[in-house]
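The next block holds one structure in the form of structure tokens; read it before the comments.
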Amino acid sequence: MSAPKKPLVIGNWKMNLDFVEAVHLGQQIGVLLKNRPAEHTDVVVAPPFVDLRSVTSIVASERIAVTVAAQHVNPNENGAHTGEISVAMLQRLGVEWVLVGHSERRALYAMDDAIVAATLRAVVRSGLKVVLCVGEALDVREEGDQDEWVRRQLRAALEGLDERFGELVTVAYEPIWAIGTGLTATSAQVYEMMTHVRSVLAGLKLVDARVLYGGSVNAENAASLVAEGHVDGFLVGGASLKAESFLAIIGACDDCYALKR
Ligand code: PEP
């Protein structure tokens with residue numbers, strides 16, 4: 001087996017927390033990280049657009065060991081796209097990562113494979129890191145078609161991507177049936193999908209990409225998922241809104257990586 005990759009834990013705050021609440025949570029995370037530094041784990045938070053400026057400022061001024069992601073971006077450079085935000089605007093705010101193709105964007109905001117691919121390219125061409133989200137709905141899993149579904153999503157987004165952008169790509173496998181439902185994929189299901197995703201990525205010459213799991217990860221299940229599921233980290237929704245549970249997940253990744261090295 002190849003050497004373990006440095007874990008990555010990303011908190012997706014979704015449409016929660018105004019800028020005052022976001023600063024407060026950022027500061028709480030900062031305090032907990034100072035008490036128990038994440039020595040082996042990269043930590044990222046993804047606040048709503050309107051909080052980004054406040055969160056990047058507090059992270060810089062209080063030297064908090066996290067970097068900041070946007071939850072979405074428009075692939076166009078500028079122009080008549082009312083309500084949208086460009087990659088350059090994010091860059092100016094000190095944002096380093098963008099989530100692309102989250103299942104909520106795909107399902108609720110008509111983000112199809114072509115838009116996912118265009119958005120991913122716009123992000124990496126600007127030098128920002130991308131977290132490509134993939135995952136199947138419950139009916140797909142019940143039919144046993146999850147591998148094919150995820151392969152198709154990965155290829156649609158990544159096929160033909162210039163190899164020099166490979167180091168900017170992370171993949172998050174998030175089965176839709178596990179997002180925000182309290183249902184978590186079993187460690188065995190996660191392990192199978194991690195193996196599958198890594199083999200598809202190898203076919204796309206993206207062997208260095210980290211592969212995360214997302215879907216009702218919490219302080220209780222993180223340790224077994226990271227150890228037995230062989231994930232390179234987590235994309236965390238609900239449990240990232242409380243500093244203590246977010247830090248417990250980071251701690252689980254940190255401990256597992258320290259043991260495996
Ligand atoms: C997510 O939205 O990416 C997610 C994984 O949410 P939750 O952890 O709440 O299931």
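Taking a probe of 1.4 Å, how large is the accessible area per residue of region 8-260, in Å²?
On the way: 11410 Å² over 253 residues.
Here the per-residue accessible area is 45 Å².
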Completion exercise
Here the gain from full extension of D145 to A258, 0.36 nm per residue of separation minus their alpha-carbon distance, amounts to 37.2 nm
Problem - Theoretical FRET efficiency, 1/(1+(r/R0)^6), r = Cβ-Cβ of Q27 and T181, R0 41 Å, to 0.05 - result: 0.85
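Sort L183, L17, L158 by accessible area with a 1.4 Å probe, largest first. Don't jump to the answer; show the numbers that get you there.
Working: L183 95, L17 50, L158 5 Å².
Solvent-accessible surface, decreasing: L183, L17, L158.
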Problem - Gained length - A114 relative to K34, 0.36 nm times residue gap less alpha-carbon distance - result: 24.6 nm
Exercise for the section: For R125 and M15, compute 0.36 nm times the residue count separating them, minus their Cα-Cα distance, and round to one decimal in nm. Expected result: 36.9 nm
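Hey, if we sort H196, H81 by accessible area with the 1.4 Å probe, largest down, what's the order?
Values: H196 20, H81 70 Å².
Output order, biggest surface exposure first: H81, H196.
Can you give the alpha-carbon Rg of the chain over 2.2 N^0.38 Å, where N counts its residues? Provide the component values of the computation, followed by the final result.
On the way: Rg = 17.1 Å, N = 261, 2.2 N^0.38 = 18.2 Å.
Ratio of Rg to 2.2 N^0.38 Å for the chain: 0.94.
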Exercise for the section: Evaluate the relative contact order of region 8-260 (contact order divided by residue number), counting alpha-carbon pairs under 8 angstrom at least 6 apart; express in whole percent. Expected result: 20
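Using only DSSP helix segments of four residues or longer, with each worth -39500 (n - 2.57), what per-residue ellipticity at 222 nm results for the chain after dividing by its residue count and rounding to 500?
On the way: 10 runs with 112 residues, N = 261.
Taking each H run of at least 4 residues, the total per residue is -13000 deg cm²/dmol.
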Exercise for the section: Please identify which residues in region 42-58 have an amide N closer than 17 Å to a label point set 7 Å out from the Cα of K6, following the Cα→Cβ vector. Expected result: 42-45
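List the pairs from K34/K260; K14/K242; K14/K129; K6/K242 whose alpha-carbon separation is above 21 Å, in the order I gave them.
Numbers: K34/K260 24 Å; K14/K242 13 Å; K14/K129 18 Å; K6/K242 23 Å.
From K34/K260; K14/K242; K14/K129; K6/K242, over 21 Å: K34/K260; K6/K242.
The values are calculated or read from the model by the stated rules, or taken from the named source; none is laboratory data. As the structure is a prediction and not an experimental result, all values here were calculated from the model. A quick note on method: Cβ atoms are made from the backbone with ideal geometry, for glycine too, and the neighbour counts reach across all protein chains shown. Accessible surface areas use protein heavy atoms only, side chains included; no ligands, DNA or RNA. Shrake-Rupley method; radii C 1.70, N 1.55, O 1.52, S 1.80 Å.
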